[in-house]
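Trainee: The structure is given below, and queries will be raised subsequently.
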Amino acid sequence: MTEKKEFKCVNCSVAAAALYRNYGPSVLKLTKCENCKGIVDKYIEYDPVIVVIDLVLMSREAQRHIIYNTEFKSYWKLLIILMLLETYGVWRSDSLFSIALSTLCDFHHNTTGHSTHVALPINLSIPEPWRTDCSGWAHTDKDIGSDLFIWEKDFYVQFLSILAGIVMFISTVHIMMNSFYTLNEAPLKRVLKSFSLANVSLLFCIPMLVWGNSDTPPETRLYHYLLVQAYSFVAFYNVFRVLYAGPRALTVLVLLLSTGLKHLTTFHVTPALRNVMQW
Ligand SMILES: [Zn+2]
């Protein structure tokens, strides 16, 4: 409980001492911002449903409300649930990452029976030294069969691998944003809160995970997951702009780099973990 109570105006993000003042038991007045003269946080009076809708529409005001002016205690639960969802997608080879993997590593089928291989107009493939990691991913195809226990074990492996990717992502963003010129000092806890908030965009993968089947063409999967990825990118961009108040171009650059590093980490960690567990 050492976190200092400091609120921020949702409109201009200038610090405010309080969100409202009490004038007696039934009189409550919302504080006005000294900088922009607007109401510091109109969302404290709003219905949570409205706040959620504004968050989906990626309103920066709503994001500031959650990141700075609410407790948002359950962010770590959200973090774990979304990590499980992401793991599930990669584990059953049904994610943008899996499509990229099977396209670049040239897999034409996978364990769940549906094809995620997309024909590219140009010939792209994995650099030669990383080829061994490709075979580490392909491992599941031949050897697992129908042994449920190994399937389950592989889920934990993927979970750890996704976790490693996320740790890489958050630390890259945090270190780079703090070493360049940015206006806000962001404590790690607030970074985690912001990350979980933006990561909620993963929920848009659910329709494909639930209704996609072996008849779904890989292109449809690709477009769906690309759309989710684009939405998610904008969500992260907005949240990190709210959090660090860094320059636009820098934020985009850092995000691109850390997203790349995240997937690269997952790509290398899964085969390594499988190796350690000696399959
Ligand atoms: Zn203001």
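Trainee: List the residues whose amide H sits under 5 Å from the amide H of Ala16, counting only those 5 or more places along or on another chain, with H placed 1.01 Å from N in the peptide plane.
Mentor: It is Phe7, Lys8, Cys9, by chain and number.
Trainee: Follow-up. Determine by what factor the alpha-carbon radius of gyration of the range 75-276 differs from 2.2 N^0.38 Å, reporting the quotient.
Mentor: This ratio for the range 75-276 stands at 1.05.
Trainee: To the nearest 10 degrees, how steeply does helix 75-91 sit against the main Cα axis of the chain, on a 0 to 90 scale?
Mentor: Tilt relative to the chain: about 20 degrees.
Trainee: Oh, and also: Take Asp54, Asp41 and order them by how many other Cβ atoms sit within 10 Å, fewest up front.
Mentor: Least to most surrounded, the residues fall as Asp54, Asp41.
Trainee: What number comes out for the charge environment of His263, summing +1 per Lys or Arg and -1 per Asp or Glu over other residues with Cβ under 14 Å away?
Mentor: Spelling it out: positives minus negatives among the neighbours equals -1.
Trainee: Please turn the phi angles of the range 186-200 into ³J(HN,Hα) values with the Karplus equation 6.51 cos²θ - 1.76 cosθ + 1.60 (θ = phi - 60°), one per residue in order, whole Hz, x for glycine and proline.
Mentor: Whole-Hz 3J(HN,Hα) from phi for the range 186-200: 10, x, 4, 4, 5, 5, 5, 4, 5, 4, 5, 4, 6, 5, 4.
Trainee: Can you give the FRET efficiency to the nearest 0.05 for Trp151 and Thr70, using r as the Cβ-Cβ distance and R₀ = 35 Å?
Mentor: Using R0 = 35 Å, I get an efficiency of 0.35.
Trainee: Put +1 on the Cβ of every Lys and Arg and -1 on every Asp and Glu Cβ in the chain; which of His268, Ser59, Leu96 then has its Cα farthest towards the positive end of the dipole?
Mentor: Of the candidates, Ser59 comes out farthest on the positive side.
Trainee: Still on this structure, please answer the following. So for the chain, averaging the separation of alpha carbon pairs under 8 Å that are six or more residues apart and normalising by length, what relative contact order in percent results?
Mentor: 20 percent
Trainee: Suppose R0 equals 22 Å. What FRET efficiency, 1/(1 + (r/R0)^6) with r the Cβ-Cβ distance, do Ser59 and Glu6 give to the nearest 0.05?
Mentor: Step by step, r from the Cβ atoms, then E = 0.55.
Trainee: So if I place +1 on the C-beta of Lys and Arg and -1 on the C-beta of Asp and Glu, and nothing else carries charge, what would the dipole magnitude of the chain be about its Cα centre? I want it in debye, nearest 20.
Mentor: 1220 debye
Trainee: How far is helix 148-179 tilted off the main Cα axis of the chain, in degrees rounded to 10, range 0 to 90?
Mentor: That works out to roughly 50 degrees.
Trainee: For every helix of n ≥ 4 consecutive DSSP H residues, a contribution of -39,500 (n - 2.57) applies; sum these over the chain, divide by its total residues, and give [θ] at 222 nm rounded to the nearest 500 deg cm²/dmol.
Mentor: -19500 deg cm²/dmol
Trainee: Please go through the residue pairs Lys37/Lys193; Lys77/Lys189; Lys153/Lys189; Lys8/Lys189; Lys153/Lys193; Lys77/Lys262 and name each one whose alpha carbons sit more than 25 Å apart in this structure.
Mentor: In this structure, Lys37/Lys193; Lys153/Lys189; Lys153/Lys193 lie more than 25 Å apart at Cα.
Trainee: If you stretched the chain out fully between Trp211 and Asp106, how much longer would it get, using 0.36 nm times the residue separation minus the C-alpha to C-alpha distance?
Mentor: Here the segment from Trp211 to Asp106 would lengthen by 35.3 nm.
Trainee: Separate question: Mind pulling the angle between the C-alpha long axis of helix 218-244 and the longest principal axis of the chain? Nearest 10 degrees, somewhere in 0 to 90.
Mentor: Between the helix axis and the principal axis of the chain, the angle is about 30 degrees.
Where a number appears in this text, it was derived from the coordinates with a stated rule and is not lab data. Note that this is a predicted model, so its numbers are computed, not measured. In this analysis, Cβ positions are derived from the backbone assuming ideal geometry, glycine residues included, and neighbour counts consider all displayed protein chains.
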